[in-house]
Amino acid sequence: MAEVGLIAIGASIAIATSAFATAWAESKIGVAAVGAMAEKEQLFGKGLILTVIPETIVIFGLVVAILIIGLAG
Amino acid sequence: MSEAMTKIRIITPHSVGVRVIDTLYNLSLFHVNPSNGEYHLSKGNPLATAESLSSALLKAKAISHEFGSVLTAKEHSFGKKDINMLETLHHDVFRLREQEQTLRTQLQKVTEEHELSSGLDALGIDRTLVQKLHYVTCFVGFCAPETLQSRLKAVHEFKHVPLGQKILCALFVQKKDEHQARAVLQESGWLSVAIEQHVASTAQLKKQMDQLKTELHTCEKEKERLRKDNAQFIADLESYLDIKIKKAELPLQFATTAQSFIATGFVPSRHLARITKELEQATRKRVTIEELHVEHDEAVPVHLANKKTVRNFEVLTKLYELPSYFEADPTSLLFITFPLFFGIMLGDVGYGFVTLALFLFLRKRKSDIKAWCNVLIYASIVSILFGFVYGEYFGFESVSVETGTALRKRGLCLSKEIVEAHGALEVVYTFPRLLNRVHGNVVIGGLELPSIMAFSIFIGALHVNLGLLIGFYNVWKAHGLKLAVLEKLSWIVLELGLVVLVLSLSSMIPVHWIVGTLIMIASVIGLYLGEGAKGLVEIPALFSNMLSYMRLGAVGLASVGLAVVVNENLALPMFEKGGFFIIGGMLIMLVGHGINIALGVIGPFLHSVRLHYVECFSKFFHGGGIEYIPFGKKAQTGGEL
C-alpha cells in the first residue's frame, strides 16, 4: 500500500513540475506575443503558435504520470 | 489549391490610358505590380482630374461626417452639375453649422446669466439699488457658507441660496469693515460675481433664451432637411469619387515614357484571353499585352481557389500565413485532419451535439464569423462520430443495471460489465463502443500504455510523414527531384531504418540489425547533403514531433476525467440523496458540463491548430505569400472570382 502511495506521489510530481514549467514558459511567451500583436494584429496566428509550443512539456508530463501509474498495476 | 497566375505587361499610348484603366477596373482581375524603375523608366503621374476629384471627395466626406448617417452607396454616374451642387451643399451645411455653434454658445451664456439672475432674485438683491449704498457694502459670490460663517464676526447680513451644484451667497457689511471682510473672503475661497455686469432682469433674459432656442430649432430643422434630401446623394457621390480617384491615381504605379505607359502585373491565367479581348476592344487594338516569364523568387500574388466546402478552412491557413505561390496550399489537408483531430480529442456524443447546436446558432446570428462556425460545425460532427467510437455520452460510459435494463428493453444494445468503482466491484451496462479510451490499454515493448495514446502516436507518424511527402512535392516542383529526395525523402528512409533496426533487434523480422543501421546511416548522409547541419540537428525533433501527437489522447482523457468527476463524484451522490438534492445535482451537472464543453472547444481547437502549424507545416510550409488584390470593384473582398 505504501508503494502505491509513493507511485501516486511520483506521478503527481511528474505532472505538477511539467505543468509549472509550461505555465512559466507560456506566460513569458504570451506576454511578448500580446505585445507584438498590439503593434501588428496580423501576428495573431504566429503569436498563438509560439504561445502553445511549451504545451508539449505538460503533455509529456501527463504521459509520464500515466506510465508511472501503470507501474502500480 | 492556389489559382494559376500569368504575369503580363500592358503597353498603351497615353491617349487611351483612361479607357484601359476603366476596363481594368470593370474586369477586377489585374493585380498591379508597382513600377520599380526598371529600364530607367520614370513613374507615371496621376490623371489631370485627380486634384479636383480629391478636393470634391474631401468636401463630400466632410458633409457625410456632418450628416452622421451611414447609408449604403448605390452605383451612379455624376456630372459637373452634381459637383457644383456639392459645392453649394458644402457651403450651406457649413454655414448652418457655424450658425448653430454661435447660437449654442450664446444660449449657454444667456442660460448661465438667467440662472444667476434667478439666484439674485431669490436672495432679494436689487442690482441697481445695491450699487448706490453708502454705509453698507454688498459682496455677491460663490462659496461654502459654513466655512465663511465661522470666520465672519462683523456680519451685517449673510444670505445664501443653492444654484446648480454651487451656492450663491450675499454678504452685507458696514463700509468700515469692508477691508477685513475682503481678507476673510479671500481666505475662504470666495468666487466673486460682478453684479454690476448683470443688469438685465430675469424676465428679459428668459425672453432672450426663448428667442435663441427658436432660432436654434429653426437652424436644426434646416440642417435636418438638408440631411434628409441629400444624405443618399452624398453617400453615392462619395463612393463615385472614391472610385474615380482610385482610377486617377492608378498611373502612379505604372512606368511611363513620353508617349505611353507600361503597366505590369498578374492576372489569373484562365482569364488572360478575356482580359486581352476586352482591352483590345476598348482601345481599338491600340494596346500591346505581353506575357512575361515568372522568376522563381518572384512575389506572385496568391489566390486560394478551393471548392466551396474546403474554402471554409482557408481561415485556418490565413491565420498562419498565406502559402507562397510556388508551394502547395495546405487548406485541403486542414479540411481532412483539423476536424479529425478535434473529434479525436473531444469525442463525446453529448458534447458534440451541444457544440454543433451552438455553432449552428452562431452561424445564423453572426455572418462575419461564418467560416469559423462552419469549420467548428464539421469538427463537432466528427466529435459526435468519435463519441460513438468511444461510447461516451456526456462523460457517461456506462449506466446502472436498472437504467441499462430499461434501455435494453427499448432496443439499445448495452453490454453487461463488472467494473471497480470506489474500491468495490459493481455491475453496470456499458454503451457499445469500438475503443475504450479511458480504460483500454495496450502493451508495447513491455510498456503498458493507454490505447488512445498509442493510436495518437500512430496518427502523428502518419501526419508528419504526410507533411514530409507534401514537402517532397514542393521541393521537387521548385528545385528538382534530387534535392527533394535528399531533403525530404531521407527523413522517411530514416524512420524506415529505425523500424527495421528495432524489429530486427527484437527478433520480429529475420534481418540482421546491421541492415537497419546501414539504412539509417545512408539517410543521415542524404539529410546532410540535402539540408546541411540543420537537418542533422533536427533528427531528434522528428521523433518528438510524433510523440507530441499524444496530446490527441491526453487532452481527451483530461476532458473525460472532468466529466467523470462532475457525474460520478458530484452529481450522482446528490441524486441518490433525493428531494431537493436532485435540483442541486442537476445544477452541478449543468455548470460542470458547461465548463467542460467550453474547455472542450478551446483545448481541442488550439491543440489541433498547433499540431498542424508546428508539427506538420514545419515539414513543408514556408508561407510568405502575398494576397491577390486585383484593381477594381471587388478589391475589398480579396478578389473573389
(message) Please list, ordered by residue number, the helices (runs of 4 or more DSSP H) wholly in the range B:348-458 having 3 or more residues that are within 30 Å of A:Ile68 (Cβ to Cβ) and in the same structural domain as B:Ala554 (by TED's automatic domain parsing).
(response) B:370-390
(request) State the number of residues belonging to the range B:307-330 that are part of a helix (DSSP H, G or I), within 14 Å of chain A (Cβ to nearest Cβ) and touching a strand residue (DSSP E or B) at 6+ places or on another chain (Cβ under 9 Å). (result) 3
(request) Can you tell me which residue among B:Leu304, B:Leu346, B:Leu360, B:Leu333 is over 28 Å from B:Val464 (Cα atoms), in contact with a helix residue (DSSP H, G or I) (Cβ under 8 Å, 6 or more places away or on another chain) and more than 14 Å from every other protein chain (Cβ to nearest Cβ)? (result) B:Leu360
(message) So B:Val375 passes all but one of these: (1) away from chain A (no Cβ under 14 Å); (2) touching a Ser or Thr at 6+ places or on another chain (Cβ under 6 Å); (3) β-branched (Val, Ile, Thr); (4) over 23 Å from B:Val566 (Cβ atoms). Which condition number does it fail?
(response) (2)
(request) Report yes if B:Gly471 is at pLDDT 90 or above, more than 14 Å from chain A (Cβ to nearest Cβ) and buried (at least 17 other Cβ atoms within 10 Å of the Cβ), otherwise no. (result) yes
(request) Among the residues of the range B:7-54, write down those that are out of contact with any Asp or Glu (no Cβ under 9 Å at 6 or more places or on another chain), β-branched (Val, Ile, Thr) and not in a helix (DSSP H, G or I). (result) B:Thr12, B:Val32, B:Thr49
(request) Quickly run through the range B:129-156 and pick out the residues that are loosely packed, with under 13 Cβ neighbours inside 10 Å, within 25 Å of B:Glu113 (Cβ to Cβ) and free of Cβ contacts under 8 Å to residues at least 60 places away in the same chain. (result) B:Leu129, B:Lys132, B:Leu133
(message) Looking at B:Gly532, B:Gly516 in this structure, which one is buried (at least 20 other Cβ atoms within 10 Å of the Cβ) and free of Cβ contacts under 8 Å to residues at least 24 places away in the same chain?
(response) B:Gly516
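If we scan the range A:35-52, do we find a residue that is more than 11 Å from chain B (Cβ to nearest Cβ), crowded, with 17+ Cβ neighbours inside 10 Å and assigned to a helix (DSSP H, G or I)? Break it down into steps so the answer makes sense when it comes.
Looking only at the range A:35-52, we keep the residues that are more than 11 Å from chain B (Cβ to nearest Cβ), and these are A:35-41.
Those left that are additionally crowded, with 17+ Cβ neighbours inside 10 Å: none.
Taking every residue of the range A:35-52 in turn, none turns out to be more than 11 Å from chain B (Cβ to nearest Cβ), crowded, with 17+ Cβ neighbours inside 10 Å and assigned to a helix (DSSP H, G or I).
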(request) Kindly indicate whether any position in the range B:381-391 is within 14 Å of chain A (Cβ to nearest Cβ), of a type in the set (A, V, I, L, M) and within 29 Å of B:Cys616 (Cα to Cα). (result) no
(request) Look at B:Ile418 and say whether it is under 44 Å from the mean Cα position of the chain (by Cα) and of a type in the set (A, V, I, L, M, F, W, C). (result) no
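Taking the range B:440-463, which residues are on the phi < 0 side of the Ramachandran plot, within 13 Å of another protein chain (Cβ to nearest Cβ) and out of contact with any Lys or Arg (no Cβ under 8 Å at 6 or more places or on another chain)?
First, the residues of the range B:440-463 that are on the phi < 0 side of the Ramachandran plot: B:440-444, B:447-463.
Now drop any that are not within 13 Å of another protein chain (Cβ to nearest Cβ), which leaves B:440-444, B:447-454, B:456-457, B:460.
Correct list: B:Gly440, B:Asn441, B:Val442, B:Val443, B:Ile444, B:Leu447, B:Glu448, B:Leu449, B:Met453, B:Ala454, B:Ile457, B:Gly460.
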(request) Answer yes or no: is there a residue in the range A:6-13 that is more than 11 Å from chain B (Cβ to nearest Cβ) and surrounded by 19 or more Cβ atoms within 10 Å (Cβ to Cβ). (result) yes
(message) Give all pairs with beta carbons closer than 7 Å in which a residue from the range B:468-482 that is part of a helix (DSSP H, G or I) meets a residue that is surrounded by 15 or more Cβ atoms within 10 Å (Cβ to Cβ) and acidic (Asp, Glu); count only pairs at least 6 apart in sequence or on separate chains.
(response) B:Asn474/B:Glu327; B:Val475/B:Glu487
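Can you pull out the residues in the range B:426-439 that are within 14 Å of chain A (Cβ to nearest Cβ) and either of a type in the set (A, V, I, L, M, F, W, C) or more than 18 Å from B:Leu562 (Cα to Cα) (or both)?
Listed by number, the list holds a single entry, B:Val438.
The values are calculated or read from the model by the stated rules, or taken from the named source; none is laboratory data. Quick caveat: nothing in here was measured; it's all calculated off a predicted structure. All Cβ positions, glycine included, derive from the backbone under ideal geometry; neighbour counts span all protein chains shown.
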